[in-house]
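K.L.:
Dropping a structure here in structure tokens format, bear with me for questions.
The values are calculated or read from the model by the stated rules, or taken from the named source; none is laboratory data. What you see is a predicted model; the values in this text were computed from it and never measured. Counting neighbours? That spans all protein chains shown, and the Cβs are built from the backbone with ideal geometry, glycine included. Protein only, heavy atoms only, side chains kept; ligands, DNA and RNA dropped before computing areas. Shrake-Rupley method; radii C 1.70, N 1.55, O 1.52, S 1.80 Å.
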Amino acid sequence: AAGVIQSPRHLIKEKRETATLKCYPIPRHDTVYWYQQGPGQDPQFLISFYEKMQSDKGSIPDRFSAQQFSDYHSELNMSSLELGDSALYFCASSLGRGANQPQHFGDGTRLSIL
Amino acid sequence: EDKVVQSPLSLVVHEGDTVTLNCSYEVTNFRSLLWYKQEKKAPTFLFMLTSSGIEKKSGRLSSILDKKELSSILNITATQTGDSAIYLCITGTYKYIFGTGTRLKVLA
């Protein structure tokens with residue numbers, strides 16, 4: 001069965017650069033979630049989209065933005081990168097928003113800031 | 001502050017043993033509790049629990065929720081080396097609140 005696809009798997013950037021992470025949800029899933037997991041920390045919710053509209057917002061820095069496109073894939077844009085942005089970024093998708101459907105996770109993008 | 005606590009943090013058993021993983025939670029707007037298994041890649045979904053006292057079962061794995069005690073357990077019977085993984089307990093609605101996970105290692 002198709003899973004959530006994230007790209008790239010690994011990304012190395014320098015401070016003050018920009019980065020774009022991509023997420024392709026499971027076919028027919030209309031909701032996408034982004035999480036950030038720092039070293040030794042639990043994943044923290046950043047933002048989610050339902051039917052191409054932002055649905056909920058968590059601890060996403062102002063330097064980051066995201067959107068969901070007409071084909072339901074999502075991109076997380078990160079600017080003015082800082083050392084503290086080094087983390088594993090998970091994307092998840094679900095069919096519908098809310099508590100009734102579990103989220104299915106991608107393998108994550110590991111971002112390293114030098 | 002919403003939080004999810006899992007115990008034990010780490011567990012080493014031999015094949016054939018039965019294990020019980022614990023999860024307790026404090027959330028302001030509880031809707032469901034989920035268990036995921038994470039090996040080297042993405043967490044994979046195991047169970048979603050919304051009603052207290054109703055056991056969910058899948059093969060050798062089972063889980064039950066106790067809303068009164070704000071807790072859940074995940075049981076694995078007749079463990080196999082392939083069960084070695086991190087087991088995540090998660091609550092939440094649109095955003096997940098993750099527990100720290102229990103790292104299970106099953107020895108042959």
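K.L.:
Limited to region A:27-54, what total is found for residues that are over 10 Å from the mean Cα position of the chain (by Cα) and either without any contact (Cβ under 8 Å) to a residue 24 or more places away in the chain or within 27 Å of B:T100 (Cβ to Cβ) (or both)?
P.N.:
Result for region A:27-54: 13.
K.L.:
Has region A:20-37 got any residue that is of a type in the set (F, W, Y) and more than 11 Å from chain B (Cβ to nearest Cβ)?
P.N.:
Yes, region A:20-37 contains at least one residue that is of a type in the set (F, W, Y) and more than 11 Å from chain B (Cβ to nearest Cβ).
K.L.:
If you take the residues in region A:61-112 that are assigned to a strand (DSSP E or B), aromatic (F, W, Y) and open to solvent by 10 Å² or more (accessible area, probe 1.4 Å), which one is nearest to the other protein chains (Cβ to nearest Cβ)? Please lay out each step first, then the result.
P.N.:
Let us first name the residues in region A:61-112 that are assigned to a strand (DSSP E or B), namely A:64-68, A:74-78, A:87-94, A:104-105, A:109-112.
Keeping just the survivors that are aromatic (F, W, Y) gives A:64, A:89-90, A:105.
Remaining after also requiring open to solvent by 10 Å² or more (accessible area, probe 1.4 Å): A:64, A:105.
Values: A:F64: 16, A:F105: 4 Å.
Going through the qualifying residues, I end up with A:F105.
K.L.:
Okay, moving on. From B:S24, B:S32, B:S72, grab the single residue that is surrounded by 18 or more Cβ atoms within 10 Å (Cβ to Cβ), in contact (Cβ under 8 Å) with a residue 24 or more places away in the chain and touching an Asp or Glu at 6+ places or on another chain (Cβ under 9 Å).
P.N.:
None of the other options fit; the residue is B:S72.
K.L.:
In region B:39-51, what residues are assigned to a loop (DSSP other than H, G, I, E, B), of a type outside the set (G, A, S) and within 7 Å of chain A (Cβ to nearest Cβ)?
P.N.:
Answer for region B:39-51, where residues must be assigned to a loop (DSSP other than H, G, I, E, B), of a type outside the set (G, A, S) and within 7 Å of chain A (Cβ to nearest Cβ): B:K41, B:P43.
K.L.:
What is the residue count in region B:54-66 for residues that are open to solvent by 50 Å² or more (accessible area, probe 1.4 Å), in contact with a strand residue (DSSP E or B) (Cβ under 9 Å, 6 or more places away or on another chain) and not β-branched (V, I, T)?
P.N.:
Qualifying residue count for the region: 6.
K.L.:
Among the numbered criteria (1) part of a strand (DSSP E or B); (2) more than 12 Å from chain B (Cβ to nearest Cβ), which single criterion is violated by A:S55?
P.N.:
Status for A:S55: all satisfied but (2).
K.L.:
Take region A:1-19 and flag every residue that is crowded, with 19+ Cβ neighbours inside 10 Å and at the interface with chain B (Cβ under 9 Å from one of its Cβ atoms).
P.N.:
Listed by number, the residues that qualify are A:V4, A:Q6.
K.L.:
Among the residues of region B:80-91, write down those that are surrounded by fewer than 22 Cβ atoms within 10 Å (Cβ to Cβ), farther than 18 Å from A:G38 by Cα and within 14 Å of chain A (Cβ to nearest Cβ). Spell out the reasoning first.
P.N.:
Filtering region B:80-91 down to residues surrounded by fewer than 22 Cβ atoms within 10 Å (Cβ to Cβ) leaves B:80-86.
Cutting the leftovers down to farther than 18 Å from A:G38 by Cα gives us B:80-85.
B:A85 - this is the single residue of region B:80-91 that is surrounded by fewer than 22 Cβ atoms within 10 Å (Cβ to Cβ), farther than 18 Å from A:G38 by Cα and within 14 Å of chain A (Cβ to nearest Cβ).
K.L.:
Within region B:16-38, restricting attention to residues that are in a loop (DSSP other than H, G, I, E, B) and closer than 21 Å to B:K57 by Cβ, which residue is farthest from the other protein chains (Cβ to nearest Cβ)?
P.N.:
Taking region B:16-38 first, the residues in a loop (DSSP other than H, G, I, E, B) are B:16-18, B:27-32.
Among the residues that remain, those that are also closer than 21 Å to B:K57 by Cβ are: B:16-18, B:32.
Working: B:G16: 30, B:D17: 28, B:T18: 25, B:S32: 5 Å.
Filtering region B:16-38 for residues that are in a loop (DSSP other than H, G, I, E, B) and closer than 21 Å to B:K57 by Cβ, the one farthest from the other protein chains (Cβ to nearest Cβ) comes out as B:G16.
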